[in-house]
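> Mind having a look at this structure? Questions to follow.
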Amino acid sequence: MFGKKRHEHRPLVATLDWRDIRMFSAAPGGGDVGITDVLRRRCAGLTPVWATTAKGLVPRWGLAAFVDAPVVGAKVDGAFGLFSDPEYQRPICRLLEPDSDGDGGLRYTATDERGETIGTITKVAPARRPFKHTWRITTRDGLSVQGRNAWATKQRHVREARGYLNPLNYVVGGADDSSWATGNRGRELCWVDPADDSRRANTTYLMSSTSADFARLTDQGAGLLDRRLALLAVIGEARSLDLKPPRPPV
């Protein structure tokens, strides 16, 4: 009882460093082992980002950030930011209001906690979507990462083939499945490096996401992609989808 009271009076702040996260969720009820009912109650009315470093057989989840705008609800294209505190006084990164990209899409500038540009995130117009390419991350050093409809990518088919040939992959990788969170709302995207699409699929596959319900960086993605850009892109994509609140489990 005394331990619970002490826990409830601790400052509510992000406890995970964004640089270390490998899986994350901004969905209501997202996250898994390590998130207590007390912590969820304290986050009521907020939009927390739950994340894990994916270390250990059963990864422990924690608070990585707070979004200063809703993720669930009517679709919206606009600025939002991530903060390490629920009062939105300690910024991590931000997407500014978008501009036209000249092709009917929207281009957002992503900034760090000091307001300096760390890259851009583009919502691609429907008529300009080769390979179902819906979103694009461009890093400060010029790396381009395309968010493609998963079923239009060889990365997804390679992953499914590996699971079919070795069912143990599904057992070991069960914590990487987004279905536990909200029933897979939205569409699944594979975020890939298109610079040389002839390369092996596992070297071009950087991240997968299902709206903001669940996202996972691969080993390759963790080495190449700024986590702040990954967070902003996945949450920005989710905000554009008119997501309904998840149904409670039956």
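> Among the β-branched types (Val, Ile, Thr), over 19 Å from residue 217 (Cβ atoms) and modelled with pLDDT of 90 or more, is that true of residue 109?
yes
> Moving to a separate point now. Given (1) under 16 Å from residue 227 (Cβ atoms); (2) outside any loop (DSSP other than H, G, I, E, B); (3) not polar (S, T, N, Q), where does residue 39 come up short, assuming only one miss?
Only one criterion is unmet by residue 39, namely (1).
> If you check 58, 76, which single one turns out to be part of a loop (DSSP other than H, G, I, E, B), touching a residue at least 40 places away in the same chain (Cβ under 8 Å), more than 28 Å from residue 116 (Cβ to Cβ) and over 14 Å from the mean Cα position of the chain (by Cα)?
Just a single option satisfies the conditions, and that option is 58.
> Moving to a separate point now. Among (1) over 18 Å from residue 215 (Cα atoms); (2) surrounded by fewer than 19 Cβ atoms within 10 Å (Cβ to Cβ); (3) in contact with a helix residue (DSSP H, G or I) (Cβ under 9 Å, 6 or more places away or on another chain); (4) at pLDDT 90 or above, where does residue 75 come up short?
Tallying (1) over 18 Å from residue 215 (Cα atoms); (2) surrounded by fewer than 19 Cβ atoms within 10 Å (Cβ to Cβ); (3) in contact with a helix residue (DSSP H, G or I) (Cβ under 9 Å, 6 or more places away or on another chain); (4) at pLDDT 90 or above, residue 75 fails exactly one: (4).
> Also, quick follow-up: Of the residues 128, 159, which single one is at pLDDT below 90, over 19 Å from residue 98 (Cβ atoms) and of a type outside the set (Val, Ile, Thr)?
Going through 128, 159 in turn, just one is at pLDDT below 90, over 19 Å from residue 98 (Cβ atoms) and of a type outside the set (Val, Ile, Thr): 159.
> Please verify whether region 37-55 includes one or more residues that are free of Cβ contacts under 8 Å to residues at least 12 places away in the same chain and farther than 25 Å from residue 210 by Cβ.
yes
> Those residues that are surrounded by fewer than 23 Cβ atoms within 10 Å (Cβ to Cβ) and either in contact with a Leu (Cβ under 7 Å, 6 or more places away or on another chain) or not basic (Lys, Arg) (or both), I need them from region 43-60; list them, please.
Within region 43-60, 43, 44, 45, 46, 47, 53, 54, 56, 57, 58, 59 meet the criteria.
Let's see how each residue does on (1) at pLDDT below 85; (2) in contact with a helix residue (DSSP H, G or I) (Cβ under 7 Å, 6 or more places away or on another chain):
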| residue | (1), (2) |
| --- | --- |
| 4 | yes, yes |
| 8 | yes, yes |
| 15 | no, no |
| 19 | no, yes |
| 30 | no, yes |
| 37 | no, no |
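> Here is a check on your reading of the model: is residue 102 free of Cβ contacts under 8 Å to residues at least 24 places away in the same chain and not in a strand (DSSP E or B)?
Against the criterion (free of Cβ contacts under 8 Å to residues at least 24 places away in the same chain and not in a strand (DSSP E or B)), residue 102 qualifies.
> While we're on this one: In region 105-120, what residues are on the phi > 0 side of the Ramachandran plot and either of a type in the set (Phe, Trp, Tyr) or in a strand (DSSP E or B) (or both)?
Answer for region 105-120, where residues must be on the phi > 0 side of the Ramachandran plot and either of a type in the set (Phe, Trp, Tyr) or in a strand (DSSP E or B) (or both): just 119.
> Just to be sure before I move on: is residue 69 in contact (Cβ under 8 Å) with a residue 60 or more places away in the chain, touching a Cys at 6+ places or on another chain (Cβ under 9 Å) and either closer than 23 Å to residue 31 by Cβ or polar (S, T, N, Q) (or both) in the structure I sent?
Against the criterion (in contact (Cβ under 8 Å) with a residue 60 or more places away in the chain, touching a Cys at 6+ places or on another chain (Cβ under 9 Å) and either closer than 23 Å to residue 31 by Cβ or polar (S, T, N, Q) (or both)), residue 69 does not qualify.
> So residue 24 clears everything in (1) in contact (Cβ under 8 Å) with a residue 40 or more places away in the chain; (2) in a loop (DSSP other than H, G, I, E, B); (3) within 20 Å of residue 240 (Cα to Cα) except one condition, right? Which one?
(2)
> So residue 99 ticks every box in (1) over 14 Å from residue 233 (Cβ atoms); (2) surrounded by fewer than 18 Cβ atoms within 10 Å (Cβ to Cβ); (3) out of contact with any Lys or Arg (no Cβ under 7 Å at 6 or more places or on another chain) but one. Which box is left unticked?
(3)
> On to the next question. So which residues in region 43-57 are out of contact with any helix residue (DSSP H, G or I) (no Cβ under 7 Å at 6 or more places or on another chain) and farther than 15 Å from residue 235 by Cβ, if there are any at all?
Once the filter is applied, which keeps residues that are out of contact with any helix residue (DSSP H, G or I) (no Cβ under 7 Å at 6 or more places or on another chain) and farther than 15 Å from residue 235 by Cβ, region 43-57 yields 43, 44, 45, 52, 54, 55, 56, 57.
The values are calculated or read from the model by the stated rules, or taken from the named source; none is laboratory data. Quick caveat, the model's predicted, so the values are computed rather than measured. Quick reminder, even Gly has a Cβ in these numbers, built from the backbone with ideal geometry, and neighbours come from all protein chains shown.
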